[in-house]
1. Return only the number of the condition from (1) surrounded by fewer than 19 Cβ atoms within 10 Å (Cβ to Cβ); (2) of a type outside the set (A, V, I, L, M); (3) closer than 17 Å to SER173 by Cβ; (4) within 12 Å of the chain's Cα centre (by Cα) that GLN60 does not satisfy.
2. Here are some conditions: (1) at positive phi; (2) in a helix (DSSP H, G or I). LEU167 meets all but one. Which one does it not meet?
3. Answer yes or no as to whether GLU111 is surrounded by fewer than 17 Cβ atoms within 10 Å (Cβ to Cβ), charged (D, E, K, R), more than 30 Å from PRO55 (Cβ to Cβ) and free of Cβ contacts under 8 Å to residues at least 12 places away in the same chain.
4. Condition test on GLU85, is it surrounded by fewer than 20 Cβ atoms within 10 Å (Cβ to Cβ), under 12 Å from the mean Cα position of the chain (by Cα) and modelled with pLDDT under 95?
5. Out of all the residues in region 149-157, is one or more small (Gly, Ala, Ser) and surrounded by fewer than 17 Cβ atoms within 10 Å (Cβ to Cβ)?
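The values are calculated or read from the model by the stated rules, or taken from the named source; none is laboratory data. If you're wondering where the values come from, they're calculated on a predicted model, not measured in any experiment. Positions of Cβ are backbone-derived with ideal geometry, glycine not excepted, and every protein chain shown enters the neighbour counts.
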Amino acid sequence: MCKGLAALPHTCLERAKEIKTKLGTLLQKPDSTIDFIILYPEKPEKPPKVQKPSPEEALQWRDSLEKLLQNPYGLASFRSFLRSEFSEENAEFWVACEDYKQTKSPVKMAEKAKKIYEEFIQTEAPKEVNIDHFTKAVTMKNLVEPSPTSFDMAQKRIFALMEKDSLPRFVRSEFYHELIK
């Protein structure tokens, strides 16, 4: 499948990761029903229908991950870049935490907290983020009684990781250089 036809090695890796994720989801199903999984190549995320930032605005993102993440076009570009590096879980976690903090209903907050925990925090989660044991323990303790600040420590750690590691690579990438032309 990944042989010949000038298939790039990263394309095969993307496909393998997609299959692993979908199989993991299937294996976690509590009932005995079997779904048919049809694997289609995922289309790259297009930036939302918002105006492309001016080169001057995009240049500000070099020094401020916060400005980058607050801009819908910037966030979509950054996520596309992270996806190309197989590290999109960090941005997805950050976005999920931002959404979680806006939740008013305690019932919905508890549902979202469980989903975020299962998707990003728990060991062997499908999109497990790289946080230390202390941060993971504090986050789990915070989830006993979910509040808007339950994921703050973990979110700050991931933000710092993206700021120190992902942002500099993004700024050197073709994704970014297309924006500042």
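1. Unmet for GLN60, out of (1) surrounded by fewer than 19 Cβ atoms within 10 Å (Cβ to Cβ); (2) of a type outside the set (A, V, I, L, M); (3) closer than 17 Å to SER173 by Cβ; (4) within 12 Å of the chain's Cα centre (by Cα): (4).
2. Condition (1) is where LEU167 drops out.
3. Numbers: surrounded by fewer than 17 Cβ atoms within 10 Å (Cβ to Cβ): yes; charged (D, E, K, R): yes; more than 30 Å from PRO55 (Cβ to Cβ): yes; free of Cβ contacts under 8 Å to residues at least 12 places away in the same chain: yes.
Considered against the rule, which asks whether it is surrounded by fewer than 17 Cβ atoms within 10 Å (Cβ to Cβ), charged (D, E, K, R), more than 30 Å from PRO55 (Cβ to Cβ) and free of Cβ contacts under 8 Å to residues at least 12 places away in the same chain, GLU111 comes out as yes.
4. Working: surrounded by fewer than 20 Cβ atoms within 10 Å (Cβ to Cβ): yes; under 12 Å from the mean Cα position of the chain (by Cα): yes; modelled with pLDDT under 95: yes.
The answer is yes for GLU85.
5. Going residue by residue through region 149-157, those that are small (Gly, Ala, Ser) are 150, 154.
This time we only want the ones that are surrounded by fewer than 17 Cβ atoms within 10 Å (Cβ to Cβ), so: none.
Scanning region 149-157 turns up no residue that is small (Gly, Ala, Ser) and surrounded by fewer than 17 Cβ atoms within 10 Å (Cβ to Cβ).
A quick yes/no check of all residues on (1) surrounded by fewer than 21 Cβ atoms within 10 Å (Cβ to Cβ); (2) under 29 Å from ILE180 (Cβ atoms); (3) among the polar types (S, T, N, Q):
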{"position": "VAL95", "(1), (2), (3)": "yes, yes, no"}
{"position": "ILE116", "(1), (2), (3)": "no, no, no"}
{"position": "PRO126", "(1), (2), (3)": "yes, no, no"}
{"position": "VAL129", "(1), (2), (3)": "no, yes, no"}
